[in-house]
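Single-structure report; data block below.
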Amino acid sequence: MSVGRRVTSDDQLARLLQIGIVLEEVVEARAHHHAESLDADLDDEVAELLADAAEESADHRARLEALIDDLGVESVPFDEIESLVEARYGRTRPEDFDGVLYDQLCNEETAYKFYDDLITAIEASDAEFTLDRDRLLDTLRSIREEEAEGVREVTEVMERR
Amino acid sequence: MNTADQYLKTIYVIQRATDGPASTGAIADALDVSPASANEMIGKLEERGLADHEKYKGVRLSDDGIVRAREALQTYCIIERFLANVLGVEAFREEARELEAVIDGTVAERLDTIIDRRPECPDCFDPEADACACLELAVEPAE
């Protein structure tokens, strides 16, 4: 058991990056699902917010996949994950979510927390990864900043309502 | 999951399996830490009102400690089930133990939305198997 937050190997790092990819896929799927199921009821501001969130998640996923490629570890079998997530949200009715904006806020906050913990765990480790450490941390910090920005954006929209 | 939660989860599992207080030695063994480290954390848990330590007998969780321990065990079950059933990881127990310190409960809740977990979780956790007793492993590994 690992007591204390440290990332100590390429394999462990790769697995955490894979989890990040799945989280991004969940965000994208939820945003799509909200946009489709609530199409007629969505105003332009929320529709744009969801479209941006989905686009940003796809971009984050690509950046995480590039990091995993550099580790020389096979990435998540993305098609299978995508089908699984879609199947799951295909069964979810709009009323199962606690409101589109609130759900989106949870998405952004959860992603922020994930990247923040991951960065802390990498910083706490003196392990040498196959991947360039500076590039790894720069990428993750930049994604974390975008998640923080996402939290701010959703909060602002919520406050205006 | 932070270090305190990892201790609470471990104490809870031992306490439930033995139907009595968890000894410091058993806690240290389960977490692969020294008895001195375990003692130090047990003292902190006691200060926070999460556990009671009785000399020569062992540690018992308070009601608040049990609530937090069950949340931590649930997070652990989610991580195991996610690794086994979504990513098709064969060594899901070992990996879950490595990853639990880095995966927060809020993150696990999001992963939970794409797995099928029984309502009785985490009561179905089997300490002998170090996994949920209802975990189906028939899914083809995705790798």
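Scan A:Arg152, A:Arg141 and give me the residue that is loosely packed, with under 14 Cβ neighbours inside 10 Å, farther than 17 Å from A:Val27 by Cβ and among the charged types (D, E, K, R).
Residue meeting the stated conditions: A:Arg141.
Among the residues of the range A:24-42, is any at pLDDT 80 or above and polar (S, T, N, Q)?
Taking every residue of the range A:24-42 in turn, none turns out to be at pLDDT 80 or above and polar (S, T, N, Q).
Would you confirm, using the coordinates I've provided, whether B:Tyr12 is touching a strand residue (DSSP E or B) at 6+ places or on another chain (Cβ under 7 Å), surrounded by 13 or more Cβ atoms within 10 Å (Cβ to Cβ) and of a type in the set (Ser, Thr, Tyr)?
Taking the combined requirement at face value, the residue satisfies it.
So which of A:Ala62, A:Ala31 ends up being part of a helix (DSSP H, G or I) and without any contact (Cβ under 8 Å) to a residue 24 or more places away in the chain?
Exactly one of A:Ala62, A:Ala31 is part of a helix (DSSP H, G or I) and without any contact (Cβ under 8 Å) to a residue 24 or more places away in the chain, namely A:Ala62.
Can you tell me which residue among B:Glu128, B:Glu94 is at pLDDT 85 or above and within 17 Å of the chain's Cα centre (by Cα)?
None of the other options fit; the residue is B:Glu94.
How many residues are within 16 Å of the chain's Cα centre (by Cα) and not polar (S, T, N, Q) if we restrict to the range A:104-135?
So the count comes out to 13.
Need a quick list: helices (runs of 4 or more DSSP H) entirely within the range B:39-137 having at least 3 residues that are of a type in the set (Gly, Ala, Ser) and either touching a residue at least 40 places away in the same chain (Cβ under 8 Å) or surrounded by 20 or more Cβ atoms within 10 Å (Cβ to Cβ) (or both).
Filter on the range B:39-137 gives B:63-81.
Can you tell me which residue in the range B:99-117 is farthest from the other protein chains (Cβ to nearest Cβ), limited to those that are within 24 Å of A:Asp10 (Cα to Cα) and not aliphatic (A, V, I, L, M)?
It comes out as B:Gly105.
For B:Cys124, all conditions in the list (1) over 22 Å from A:Arg5 (Cβ atoms); (2) within 14 Å of chain A (Cβ to nearest Cβ); (3) of a type in the set (A, V, I, L, M, F, W, C) hold save one; what is the number of the exception?
(2)
Can you give me the number of residues within the range A:114-127 that are buried (at least 19 other Cβ atoms within 10 Å of the Cβ) and at the interface with chain B (Cβ under 9 Å from one of its Cβ atoms)?
4
The values are calculated or read from the model by the stated rules, or taken from the named source; none is laboratory data. Quantities reported herein were computed from a predicted structural model and do not represent experimental measurements. Ideal geometry is used to build each Cβ from the backbone, glycine not excepted, and the neighbour counts take in all protein chains shown.
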